[in-house]
1. Can I get the semi-axes of the range 41-188's equivalent ellipsoid? Compute them from the C-alpha gyration tensor as square roots of 5 times the eigenvalues, in angstrom, largest first.
2. Report the net charge of residues surrounding VAL114, where surrounding means a beta-carbon distance below 14 angstrom and charges are Lys +1, Arg +1, Asp -1, Glu -1.
3. Multiply the residue separation of LYS32 and ARG104 by 0.36 nm, subtract the distance between their alpha-carbon atoms, and state the gained length in nm to one decimal.
4. Please list, ordered by chain and number, the residues whose modelled amide H lies under 5 Å from the amide H of ALA110; skip anything fewer than 5 residues away on the same chain.
5. Report, in debye and to the nearest 20, how large the dipole of the chain comes out about its Cα centre when Lys and Arg carry +1 and Asp and Glu carry -1 on their Cβ.
6. For the chain, what is the number of Lys pairs with C-alpha distance below 30 angstrom, counting only pairs 8 or more positions apart or on separate chains?
7. Starting from the amide H of MET145, placed 1.01 Å from N in the peptide plane, find each other amide H under 5 Å away whose residue is 5 or more places distant or on another chain.
8. Rounded if a/c is under 1.5, else prolate if a/b beats b/c, else oblate: with a ≥ b ≥ c from the C-alpha gyration tensor eigenvalues square-rooted, which is the range 192-295?
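Values in this text are rule-based calculations from the coordinates and carry no lab data. Quick caveat, the model's predicted, so the values are computed rather than measured. Every residue, glycine among them, receives a Cβ derived from its backbone with ideal geometry; neighbour counts consider all protein chains shown.
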Amino acid sequence: MKSRLNGGVDPHYQSRETHIETPRRSAQVVSKPLLNLRRESEFEGLSDLIHSFSNNKTLLYVPNQGNWGDALIHKGTLQFLDYFGFDYKVATRAEVIEFANQSRRFGLVASDVVLASGGGGSWRNANSANYRFFQSAIGAFEKGMVFPHTYEYTEVSESNSEILYVSRDTSLSKKSIPQSSTCHDMAFFLQLPSLIRTDDSGLSGYFMRADPERHPQARSIGTGFDLSSMGNHLSQVTPFFQIIQQFSEISTDRMHVAIAGAMLGASVKLYPGNYGKAISVYRHSLLRNYPNVQIREWS
């Protein structure tokens, strides 16, 4: 018998296959499939605020490094900058740190560009990656800003630069940086050109985190995987949504899985991690805009 891999046909295999009944689900390509918040006044207000703060100078945008959820923030930020007509350049942390070190060496401060650090949740203490980056780099710039972030630590100690802080909640972050402005997480600005959508599957998807930010009382729910850990901040975002759209109901303790599910119209159960960023963003953005999302507590 020839191997099927080499083009031969096993008639017995084919006969067995024809007796397997699988449900048929129709699929279609949907344009602009995400129920985002880009028309919310907060984003227009953020645009006005940044244009005024930067005096329309070039933004040197540095994405926050992280997992696949951070890619939603990054892509949403790029779309925001394009939509509102900003002049910007994208740089890596390493490139900016090298520039900052050279500037310090010669006593120079950049006044023609504004450092713009990407949003996220890496501002929990002095060792948090985005805090350390911004602390190390801002001295080389006359002005700098941080896109919507969760702050659990104080502002940087650099006092010679003018800094605009933007938080993505009105509760947790205000305790650490009360003067921060507020706007939705940048993932809520995101839109896709199109997505292959299938009929309501009735399936449940379980996407629970498997990292140190897991809640101490967290336990396994259903059978699933940690989707966010399977990519990074530069990964393509369409596959992330393509996976999630297969499910009518989502259970997760990953905030950006919940945001993606919310924008796709799924029923979402969001469980807390080991600190309050998910709950604070839920209260600020998800609660009033996405009734399909519910908070669940570990018990």
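1. On the way: eigenvalues 90, 63, 44 Å².
Ellipsoid semi-axes (Å, largest first): 21, 18, 15.
2. On the way: positive: LYS57, LYS89, LYS143; negative: ASP87, ASP112, GLU142, GLU162.
Cβ neighbours under 14 Å give a net charge of -1.
3. On the way: separation 72, 0.36 × 72 = 25.92 nm, distance 4.57 nm.
Result: 21.3 nm gained on full extension.
4. Amide H neighbours of ALA110, under 5 Å, 5+ apart: PHE141, GLU142.
5. Details: 30 positive and 28 negative charges, 103 e Å.
Dipole of the chain, to the nearest 20 debye: 500 debye.
6. Count of close lysine pairs: 25.
7. LEU115, ALA116, SER117, LEU164
8. Working: a/c = 1.42, a/b = 1.27, b/c = 1.11.
Here the range 192-295 falls in the rounded category.
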